[in-house]
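Chemist: Structure incoming, see below.
The values are calculated or read from the model by the stated rules, or taken from the named source; none is laboratory data. Everything numeric in this text was worked out from a predicted model, so none of it was measured. Note that we place each Cβ from the backbone using ideal geometry, even for glycine, and neighbour counts take in every protein chain shown. Ligands, DNA and RNA are excluded from the accessible area calculation, which covers all protein heavy atoms including side chains. Shrake-Rupley method; radii C 1.70, N 1.55, O 1.52, S 1.80 Å.
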Amino acid sequence: MMGIGDFFKNIFGKKICALCGKECGMMHRTKIRNKEFLCDDCGNLCSKYIRLSELTLDEVKGHIEYMKRQNRLFEEVYSKEGKKDTYPSSLKEMGIEFCDDLGMFRILHRSNTGRGKMNELFRYDQVASYEEYIDETPATEPGKNPEFKECGLKIKLLGGNMSKVNTDNKKGLRPHPYIKHEIKVCFSKKDRSDLQYAHNAKCKFDYIFGVHDDERGLFGFGRSKAEKREDAAAIGMAAAFGTAFKAATKGEEAVTEADKEKLKEGINAMNDAATGGMAVYTRRADDAEAKIK
């Protein structure tokens, strides 16, 4: 039977970090599975957005290698290439920095406290859902307004618990290897009107996912963006059949480099139409990641 001294020692006593072997006190460690612990230094190599308590030591090791690669991707590619758009432009609490040129975004923190000090990027094609939120305390008396607490954007990545996530209108997605839980990006804790920041960020995601691509201009002239993609896909399919027919009838040696490039463009156009334009960002993200292999 455990005595009271052993009980307090078990809770408040120092533990050994399962990864580096360093001693760590109660305030400087995080528990992982199988009753093991990570010190703060090792915990800072992990993402802010995962629950370490769900991972085994081997899974933590794999995750840290993933985060080191994320850090390289940020330092060697993302920080040097592509135009960035930040929502909100003036950071109050947190924000989102989008890079359409690379098909990726990152979450910004005005104060980088808590666990996780590595740079981390998210691909557009990992986003399963996003929605504005506002957190308010109910009014205590009739006629009084609720007390504003915070507002922002909730983001769910593909993977993990997807039981309540509607991805019907999102094609070409790929799962995130580690993050299972909703990410809450708090834009402001000052004013209810700051919800506009969250709305602007949501509109940015709407643009990325082509939410309004099937809509025509103000006077309804011309083809919509979605229709133009379908037109390009039809042309691409014809080019693909043409190249295949040429190879079948004249031999593969008859297929020129120009034919191959046209075939590649045609396949890309078909993928763009099938995914509502997401394939464009997928190719950009793939190209960015390939630069650090």
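Chemist: Select from segment 247-266 the residues that are in a helix (DSSP H, G or I) and open to solvent by 60 Å² or more (accessible area, probe 1.4 Å) and list them in ascending order.
Modeler: Step one: filter segment 247-266 for residues in a helix (DSSP H, G or I), giving 247-250, 252-254, 257-266.
The answer is Ala248, Thr249, Lys250, Glu252, Glu253, Glu257, Ala258, Lys260, Glu261, Lys262, Lys264, Glu265.
Chemist: Go through segment 229-252 residue by residue and tally those that are modelled with pLDDT of 80 or more and not hydrophobic (A, V, I, L, M, F, W, C).
Modeler: Taking segment 229-252 first, the residues modelled with pLDDT of 80 or more are 229-230, 234-235, 237-238, 249.
From what's left, not hydrophobic (A, V, I, L, M, F, W, C): 229-230, 249.
Qualifying residue count, segment 229-252: 3.
Chemist: Also, quick follow-up: Restricting to segment 125-148, name every residue that is open to solvent by less than 50 Å² (accessible area, probe 1.4 Å) and of a type in the set (A, V, I, L, M, F, W, C).
Modeler: Matches in segment 125-148: Val127, Ala128, Ala139, Phe148.
Chemist: Name every residue in segment 176-187 that is part of a loop (DSSP other than H, G, I, E, B) and closer than 12 Å to Phe122 by Cβ, in order of residue number.
Modeler: If we filter segment 176-187 for residues that are part of a loop (DSSP other than H, G, I, E, B), which is where we start, we get 176-182.
Once the filter is applied, which keeps residues that are part of a loop (DSSP other than H, G, I, E, B) and closer than 12 Å to Phe122 by Cβ, segment 176-187 yields His176, Pro177, Tyr178, Ile179.
Chemist: Of the numbered conditions (1) at pLDDT 85 or above; (2) open to solvent by 60 Å² or more (accessible area, probe 1.4 Å); (3) closer than 26 Å to Asp286 by Cα; (4) not hydroxyl-bearing (Ser, Thr, Tyr), Ala201 satisfies every one except a single condition; which is it?
Modeler: Checking Ala201 against (1) at pLDDT 85 or above; (2) open to solvent by 60 Å² or more (accessible area, probe 1.4 Å); (3) closer than 26 Å to Asp286 by Cα; (4) not hydroxyl-bearing (Ser, Thr, Tyr), the one that fails is (2).
Chemist: If you scan segment 235-246, which residues turn out to be surrounded by 14 or more Cβ atoms within 10 Å (Cβ to Cβ) and closer than 15 Å to Glu265 by Cβ? Before the answer, list the steps.
Modeler: The first filter runs over segment 235-246 and keeps only residues surrounded by 14 or more Cβ atoms within 10 Å (Cβ to Cβ), leaving 235-237, 239-240, 242-243, 246.
Ile235, Gly236, Met237, Ala239, Ala240, Gly242, Thr243 - these are the residues of segment 235-246 that are surrounded by 14 or more Cβ atoms within 10 Å (Cβ to Cβ) and closer than 15 Å to Glu265 by Cβ.
Chemist: Identify, from the list Ala285, Ala273, Ala269, Ala290, the residue that is open to solvent by less than 30 Å² (accessible area, probe 1.4 Å), under 30 Å from Glu75 (Cα atoms) and at pLDDT 75 or above.
Modeler: Values: Ala273 fails: under 30 Å from Glu75 (Cα atoms); Ala269 fails: under 30 Å from Glu75 (Cα atoms); Ala290 fails: open to solvent by less than 30 Å² (accessible area, probe 1.4 Å).
So the residue among Ala285, Ala273, Ala269, Ala290 that is open to solvent by less than 30 Å² (accessible area, probe 1.4 Å), under 30 Å from Glu75 (Cα atoms) and at pLDDT 75 or above is Ala285.
Chemist: Out of the residues in segment 48-57 that are in contact (Cβ under 8 Å) with a residue 60 or more places away in the chain and surrounded by fewer than 16 Cβ atoms within 10 Å (Cβ to Cβ), state the one that is nearest to the chain's Cα centre (by Cα).
Modeler: Arg51
Chemist: In segment 82-124, what residues are part of a loop (DSSP other than H, G, I, E, B), open to solvent by 50 Å² or more (accessible area, probe 1.4 Å) and at pLDDT 95 or above?
Modeler: Lys83, Lys84, Asp101
Chemist: Here's something else I'd like to know. Assigned to a helix (DSSP H, G or I), modelled with pLDDT of 90 or more and open to solvent by 40 Å² or more (accessible area, probe 1.4 Å) - does that describe any residue in segment 16-32? Give the steps one after another, and end with the answer.
Modeler: Keep residues of segment 16-32 that are assigned to a helix (DSSP H, G or I), which gives 26-28.
Pick out the ones that are also modelled with pLDDT of 90 or more and you get none.
Looking for residues that are assigned to a helix (DSSP H, G or I), modelled with pLDDT of 90 or more and open to solvent by 40 Å² or more (accessible area, probe 1.4 Å), one finds none in segment 16-32, hence no.
Chemist: Then there's this: One residue is enough: does segment 208-222 have a residue meeting the conditions in a helix (DSSP H, G or I), open to solvent by 50 Å² or more (accessible area, probe 1.4 Å) and under 29 Å from Pro175 (Cα atoms)?
Modeler: Just the residues of segment 208-222 that are in a helix (DSSP H, G or I), to begin with: 208.
Imposing the further condition that a residue be open to solvent by 50 Å² or more (accessible area, probe 1.4 Å) reduces the set to none.
Within segment 208-222 (the criterion being in a helix (DSSP H, G or I), open to solvent by 50 Å² or more (accessible area, probe 1.4 Å) and under 29 Å from Pro175 (Cα atoms)), the answer is no, since none of the residues qualifies.
Chemist: Identify all residues within segment 187-198 that are open to solvent by 30 Å² or more (accessible area, probe 1.4 Å) and among the hydrophobic types (A, V, I, L, M, F, W, C); write none if there are none.
Modeler: From segment 187-198, those open to solvent by 30 Å² or more (accessible area, probe 1.4 Å) are 189-193, 195-197; that's our starting set.
Leu195 - this is the single residue of segment 187-198 that is open to solvent by 30 Å² or more (accessible area, probe 1.4 Å) and among the hydrophobic types (A, V, I, L, M, F, W, C).
Chemist: Please verify whether segment 38-47 includes one or more residues that are part of a strand (DSSP E or B), surrounded by 15 or more Cβ atoms within 10 Å (Cβ to Cβ) and more than 18 Å from the chain's Cα centre (by Cα). Give the derivation first.
Modeler: Initial filter on segment 38-47 (part of a strand (DSSP E or B)): 38-39.
Imposing the further condition that a residue be surrounded by 15 or more Cβ atoms within 10 Å (Cβ to Cβ) reduces the set to 38-39.
Then drop every residue that is not more than 18 Å from the chain's Cα centre (by Cα), which leaves 38-39.
The answer is yes, given that some residue of segment 38-47 is part of a strand (DSSP E or B), surrounded by 15 or more Cβ atoms within 10 Å (Cβ to Cβ) and more than 18 Å from the chain's Cα centre (by Cα).
Chemist: Could I ask something else about it? I'd like to check something: does segment 167-175 contain any residue that is under 29 Å from Tyr66 (Cα atoms), at pLDDT below 85 and open to solvent by less than 90 Å² (accessible area, probe 1.4 Å)?
Modeler: Yes: one or more hits.
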